[in-house]
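Report on one structure; see the data block that follows.
The values are calculated or read from the model by the stated rules, or taken from the named source; none is laboratory data. None of these values were measured; they are calculated from a predicted model. Reconstructed Cβ throughout: ideal geometry from the backbone, glycine too, with neighbour counts over all protein chains shown. The protein model used for the area step is the full one, side chains on, heavy atoms only, and it has no ligands, DNA or RNA in it. Shrake-Rupley method; radii C 1.70, N 1.55, O 1.52, S 1.80 Å.
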Amino acid sequence: MKIKHIDHIGIAVNKIAQAGKFYTDILGLTIAGIENVADQKVNVAFIPITDSEVELVESTHEDGPVAKYIASRGEGIQHIAFRVENIEEALEELKQKGVRLIDQTPRHGAGGAKIAFIHPKETNGVLVELCERE
Ligand code: ZN
């Protein structure tokens, strides 16, 4: 598989409105947009930095995966996403290598991306996302 670069770092936060101020007011970055991803029960704020971005992820439901993450581990870095050239090929290669996946097939992520998560047991506890964008 071809990993192109770090696509984004996902940071779980209680409130984008509060957490975003550090990136905008202190670091001088810009929130390029905020998108609701209904099937993940989250809002995602995109903060581009050259080829990568920080994504602030807030839960929209008490029972959403990010709400559960924050409840057990607190706010903080939740996942790292690598941009791949072809996500179907990447997943096929990982399966052939016996790597456990959370997503067997790609699903729709924020920003129109195709995404899939690798099981964190394979990555020393880091939740790794593969991400393909047009
Ligand atoms: Zn992500």
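In this structure, is A110 within 13 Å of the chain's Cα centre (by Cα) and within 16 Å of the ligand (Cβ to nearest atom)? For A110, the condition - within 13 Å of the chain's Cα centre (by Cα) and within 16 Å of the ligand (Cβ to nearest atom) - is met. Restricting to the range 1-33, count the residues that are closer than 17 Å to I49 by Cβ and open to solvent by 30 Å² or more (accessible area, probe 1.4 Å). So the count comes out to 16. Selection within the range 113-134: residues that are small (G, A, S) and at negative phi. The member of this set that is farthest from the ligand (Cβ to nearest atom) is A116. Taking the range 1-105 as the region of interest, the helices (runs of 4 or more DSSP H) fully inside it that hold 3 or more residues being within 14 Å of the ligand (Cβ to nearest atom), free of Cβ contacts under 8 Å to residues at least 60 places away in the same chain and not charged (D, E, K, R) are 65-73. If you go through the range 107-116 one residue at a time, how many are open to solvent by 40 Å² or more (accessible area, probe 1.4 Å) and within 14 Å of F82 (Cβ to Cβ)? Result for the range 107-116: 1. For the range 55-75, which positions are open to solvent by less than 20 Å² (accessible area, probe 1.4 Å) and under 21 Å from L27 (Cβ atoms)? Scanning the range 55-75 gives E55, L56, V57. The set of residues in the range 121-130 being assigned to a loop (DSSP other than H, G, I, E, B) and open to solvent by 40 Å² or more (accessible area, probe 1.4 Å) consists of N124, G125, V126. From the residues in the range 106-120 that are at pLDDT 95 or above and not in a loop (DSSP other than H, G, I, E, B), which one is farthest from V54 (Cα to Cα)? The selected residue is I118.
Of the residues making up the range 108-134, those that are charged (D, E, K, R) and without any contact (Cβ under 8 Å) to a residue 40 or more places away in the chain are K114, K121, E122, E134.
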